[in-house]
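The values are calculated or read from the model by the stated rules, or taken from the named source; none is laboratory data. Quick caveat: nothing in here was measured; it's all calculated off a predicted structure. Every residue, glycine as well, gets a Cβ built from its backbone with ideal geometry; the counts of neighbours run over all protein chains shown. Only protein heavy atoms, including side chains, enter the accessible area calculation; ligands, DNA and RNA are left aside. Shrake-Rupley method; radii C 1.70, N 1.55, O 1.52, S 1.80 Å.
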Amino acid sequence: MKDNFWERIWSSFREVQNFWFGFLGVVLAILFSVVSGKFAVPLYLLVILMTIFVLITSTLFSAYADLFVSYQKSQEDYQRLRHPTILGVATDKKTASIICRIEASELFAINSLVSFYYIDDNEFESLIAVGYVKNIQRNKQAQVEIDIPDDTYQDIIERLKNNDNQVIKRIFIRPTIPRNF
């Protein structure tokens, strides 16, 4: 595992030492032997410096490419596993319960229990309701229904029901429920 900068550099250095650098060395040796009389710098010094430059440049480029790929992978993992946000709110016409449409996430499955949290002005999270995943649509977005609201947060739940954007931005949904609910 490449945990730090120097381990990544060493790994990249070992990856770039291959047939092409040997071939490049032979080509450079032939090229410089042909034009060796035109330079004031000794040929052997020029070949050594050019090889070191090419080796360092390719090592750094390989390390950069490796870091870029690992960064892209970590961003994809983050997007896949982060808590989804609420995209829309509706009321079930039969039961009058609140249904939230949330972003696609691998954290949720049909009929799995979920908890609704509200973040107040002091950045404290408060459990406001428990529900379940009612449906997962074809576009992978989930419909989550509030099943058991906490009566102490009835005003927040009413504002959610009325599509208040300030409340919707402060609510997030976790794919678990607390043990003491």
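Checking each residue in region 148-176 for being assigned to a helix (DSSP H, G or I), over 24 Å from Phe108 (Cβ atoms) and not charged (D, E, K, R) picks out Thr152, Gln154, Gln166.
Criterion applied to Arg138, Arg82 was being at pLDDT 90 or above and of a type in the set (Lys, Arg), and the one residue passing it is Arg138.
Filtered by the rule that a residue be open to solvent by less than 50 Å² (accessible area, probe 1.4 Å) and under 16 Å from Leu87 (Cβ atoms), region 144-181 gives Val144, Glu145, Ile146, Leu160, Asp164, Val167, Ile168, Ile171, Phe172, Ile173.
All of Val89, Val114 fail the test of being more than 28 Å from Glu76 (Cβ to Cβ) and under 28 Å from the mean Cα position of the chain (by Cα), apart from Val89.
Would you confirm, using the coordinates I've provided, whether Ser115 is closer than 19 Å to Pro178 by Cα, in contact (Cβ under 8 Å) with a residue 12 or more places away in the chain and surrounded by fewer than 17 Cβ atoms within 10 Å (Cβ to Cβ)? Let's see the steps before the verdict.
Values: closer than 19 Å to Pro178 by Cα: yes; in contact (Cβ under 8 Å) with a residue 12 or more places away in the chain: yes; surrounded by fewer than 17 Cβ atoms within 10 Å (Cβ to Cβ): no.
Here the answer is no, as Ser115 does not meet what is asked.
Could you grab me the full set of residues in region 92-104 that are in contact (Cβ under 8 Å) with a residue 40 or more places away in the chain and open to solvent by less than 60 Å² (accessible area, probe 1.4 Å)? Passing the criteria: Asp92, Ser97, Ile98, Ile99, Cys100, Ile102.
Here Val133 meets the list (1) exposed (fewer than 13 other Cβ atoms within 10 Å of the Cβ); (2) modelled with pLDDT of 80 or more; (3) aliphatic (A, V, I, L, M) almost entirely, failing just condition (1). Just checking, does region 46-56 include any residue being at pLDDT below 75 and within 30 Å of Lys134 (Cα to Cα)? Checked against the condition, which is being at pLDDT below 75 and within 30 Å of Lys134 (Cα to Cα), region 46-56 yields no hits at all.
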